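So the structure is just underneath, and the comments pick up after that.
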Amino acid sequence: MTARAEQRVSHRRRTAKKRAVIAGVSALGITGAAIVTSTMLSTAGAASPWPSDTGSKPVSKTVPVSGVYDGGMKKFYGTGALGGDGQDEGQDPVFELADGATLKNVIIGTPAADGVHCKGSCTLQNVWWLDVGEDAASFKGKSSSAQYKVIGGGAKKADDKVLQFNGAGTLTVSGFRVEDFGKLVRACGNCKTQYKRTVVLNDIDVTAPGKSLVGINTNYGDTATLSKIRIHGDSKKKIKTCTRYQGNNTGKEPKELGSGPDGKHCKFSASDITYK
């Protein structure tokens with residue numbers, strides 16, 4: 001057979017296979033566009049699954065981060081002075097980020113000590129906590145223009161708070177996954193120095209049990225905006241969405257004022273929360 005004849009035969013075979021596939025799809029009443037659409041819908045609007053680590057690295061002393069630190073998906077865990085995983089206040093973190101720093105592609109195992117501290121604006125990208133210690137991350141910048149961004153990642157097994165917002169500025173959490181927790185975000189209710197704080201939660205997967213998504217202090221002008229929140233395993237809707245408090249700077253337990261959207265401090269509607 002000549003080369004030209006072989007090309008014609010090969011072309012006919014490819015055409016026949018293509019027609020067979022199209023006929024099979026047509027028999028099912030599904031168009032190619034529908035297949036693409038359904039595939040996209042199956043993965044759209046969902047936080048990333050829990051990752052596997054690429055190795056383990058013990059940390060006995062807080063790791064300072066300036067610029068960008070890429071952990072390569074290694075699992076970091078506390079040892080020695082950082083070997084605690086309780087709720088005692090004042091523990092040292094595994095990572096401490098300078099103003100403007102980025103921590104990415106990190107898994108924090110157990111013991112987790114006090115997780116991550118941000119001294120100013122920071123970005124936590126694809127950071128995962130397998131068993132939260134005191135807190136997963138604490139944000140401590142003093143400027144009203146500080147921007148803290150948590151992009152992707154997730155946390156589970158937090159007896160109390162996941163993200164502790166002590167400083168000033170705006171905390172934005174997106175594409176995050178949280179399971180078995182107390183509070184996802186808490187604006188400090190009784191810090192010695194108080195600030196106006198802004199919280200934005202978008203595209204979050206929440207799995208019960210849990211107590212509250214966000215707690216803010218209305219007397220300091222705090223706001224929380226929620227959108228694309230998916231709550232799993234909470235058919236009785238026990239997890240509070242946005243809890244409002246009367247904060248103080250005396251160290252006393254802050255007074256709870258109410259929860260749910262109010263259009264001023266807790267900014268969202270019923271359609272922004274879906275139950276799975």
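Here's how it looks for Lys74: its modeled amide H is under 5 Å from those of Thr54, Ile107, which are all 5 or more places away or on a different chain. If the chain linking Thr54 and Thr193 were pulled fully straight, counting 0.36 nm for each residue of separation and taking away their Cα-Cα distance, it would gain 46.0 nm. Take each peptide in 263-271, 241-249, count the other Cβ atoms within 10 Å of every residue, and average; sorted highest first, the result is 241-249, 263-271. With a Förster radius of 35 Å applied to the beta-carbon distance between Ser235 and Met73, the computed FRET efficiency rounds to 0.55. For the pair region 99-125 / region 177-254, the C-alpha centres are spaced 20 Å from each other.
Packing here is the average count of other Cβ atoms within 10 Å per residue, and on that basis the peptides 188-201, 104-117, highest first, run 104-117, 188-201. Using the Kirkwood radius over Cα pairs, work out the Stokes-Einstein diffusion coefficient for region 120-161 at 4 °C and 1.567 mPa s, in µm²/s as a whole number. Estimated via Stokes-Einstein, D reaches 115 µm²/s. Across region 147-276, the convex hull enclosing all Cα atoms gives 90 Å³ per residue. For Ser138, the residues 5 or more places off, or on other chains, whose built amide H falls under 5 Å of its own are Val116, His117, Cys118, Gln164.
In this label model, Lys142 and Lys228 are separated by 3.6 nm, measuring between points 7 Å along each Cα→Cβ vector.
Here region 165-276 carries DSSP beta bridges of which approximately 10% are antiparallel, counting only pairs with both residues inside. Taking a sphere under 12 Å around the Cβ of Lys61 and counting the other residues whose Cβ falls inside, with K and R at +1 and D and E at -1, yields a net charge of -2. Kirkwood radius, region 76-200, all distinct C-alpha pairs, inverse of mean reciprocal distance: 14.0 Å.
Rolling a 1.4 Å probe over the protein heavy atoms of region 112-205, with every protein chain left in place, gives an accessible area that is 44 percent carbon and sulfur.
In a fully extended conformation the segment linking Asn249 and Asn219 would gain 9.6 nm over its present Cα-Cα distance, using 0.36 nm per residue.
The values are calculated or read from the model by the stated rules, or taken from the named source; none is laboratory data. Keep in mind that what you see is a predicted model, and the values were worked out from it rather than measured. Reconstructed Cβ throughout: ideal geometry from the backbone, glycine too, with neighbour counts over all protein chains shown. We work out accessible area using only protein heavy atoms, side chains counted, and drop any ligands, DNA or RNA first. Shrake-Rupley method; radii C 1.70, N 1.55, O 1.52, S 1.80 Å.
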